[in-house]
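Below is one structure, written out as structure tokens; the observations come after it.
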Amino acid sequence: MRMDTKAIERHVRGILEAIGEDPDREGLRETPQRVARMYEEIFAGIAFSNHEIAQMFGKTFAEDTNDDAQTAVVVKDISVFSYCEHHMALMYDMKVNVAYVPHGRVLGLSKVARICDMASKRLQIQERLGKDIAEIIMEAAGTPDVGVLITGSHSCMTARGIRNVSSQTTTKTFCGAFRTDAALQGLL
């Protein structure tokens, strides 16, 4: 589905008017178009299902393994941002840690970061973002054993409402062996 940028422009103009601004003043004249272009970028993930994202970024390589050792792949501190679906407020300073146990195939490392980035480009809640990333990694890497830890700040708590600027939210999603294996959970 293609984003309706003309509708976004109309609505942003209406919001500017509704808050008492003059959308025709110099600094705001092009704001509706800029917001529409920004929304195309920051909400690009809305156009794709988790399956489609797994297909886009599912480039894998044969795993070189020693059968006596279990390998885990861990990618930490992947920076993403998203927007809370409740307030359309920015979720920022988000760090995603992903770990998975390969079952014969490994993902290209940049694909892990790309999956996190694309999944975050949707209206989200942090809990679902972790589940979406885990689901995509499971399909793309062909493994049920995935863990995702996300820590981030939410402007719906830091800039409005309670205004607790130091608060952070941490979510953990454990699938397969990560659900019961404390050693695997400790990798995150």
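The values are calculated or read from the model by the stated rules, or taken from the named source; none is laboratory data. Values in this document were obtained by computation on a predicted structure and should not be read as measured data. Ideal geometry is used to build each Cβ from the backbone, glycine not excepted, and the neighbour counts take in all protein chains shown. Side chains are part of the model used for accessible areas, which takes the heavy atoms of the whole protein and leaves out ligands, DNA and RNA. Shrake-Rupley method; radii C 1.70, N 1.55, O 1.52, S 1.80 Å.
Looking at His103, His51, just one residue is assigned to a loop (DSSP other than H, G, I, E, B) and more than 14 Å from the chain's Cα centre (by Cα), and that residue is His103.
Looking only at segment 130-188, residues that are in contact with a Gly (Cβ under 8 Å, 6 or more places away or on another chain), surrounded by 19 or more Cβ atoms within 10 Å (Cβ to Cβ) and acidic (Asp, Glu) come to 1 in all. When Gly20 is tested against (1) assigned to a loop (DSSP other than H, G, I, E, B); (2) of a type outside the set (Asp, Glu); (3) surrounded by fewer than 14 Cβ atoms within 10 Å (Cβ to Cβ); (4) within 27 Å of the chain's Cα centre (by Cα), just one condition goes unmet, and that condition is (4).
Free of Cβ contacts under 8 Å to residues at least 60 places away in the same chain, among the hydrophobic types (A, V, I, L, M, F, W, C), touching a strand residue (DSSP E or B) at 6+ places or on another chain (Cβ under 9 Å) and on the phi < 0 side of the Ramachandran plot: is that true of Val101 in this structure?
no
Let's see how each residue does on (1) in contact with a Phe, Trp or Tyr (Cβ under 9 Å, 6 or more places away or on another chain); (2) assigned to a helix (DSSP H, G or I); (3) surrounded by 12 or more Cβ atoms within 10 Å (Cβ to Cβ); (4) β-branched (Val, Ile, Thr):
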| position | (1), (2), (3), (4) |
| --- | --- |
| Ile8 | yes, yes, yes, yes |
| Ile15 | no, yes, yes, yes |
| Arg25 | no, no, no, no |
| Glu41 | no, yes, no, no |
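All conditions in (1) in contact with a Leu (Cβ under 8 Å, 6 or more places away or on another chain); (2) closer than 23 Å to Met88 by Cβ hold for Lys121, with the sole exception of (1). Taken over segment 142-180, residues that are without any contact (Cβ under 8 Å) to a residue 60 or more places away in the chain, more than 30 Å from Lys111 (Cβ to Cβ) and over 20 Å from the mean Cα position of the chain (by Cα) amount to 6.
Residues in segment 54-100 that are closer than 13 Å to Met138 by Cα and open to solvent by less than 20 Å² (accessible area, probe 1.4 Å) were compared, and the one that is nearest to the chain's Cα centre (by Cα) is Val98.
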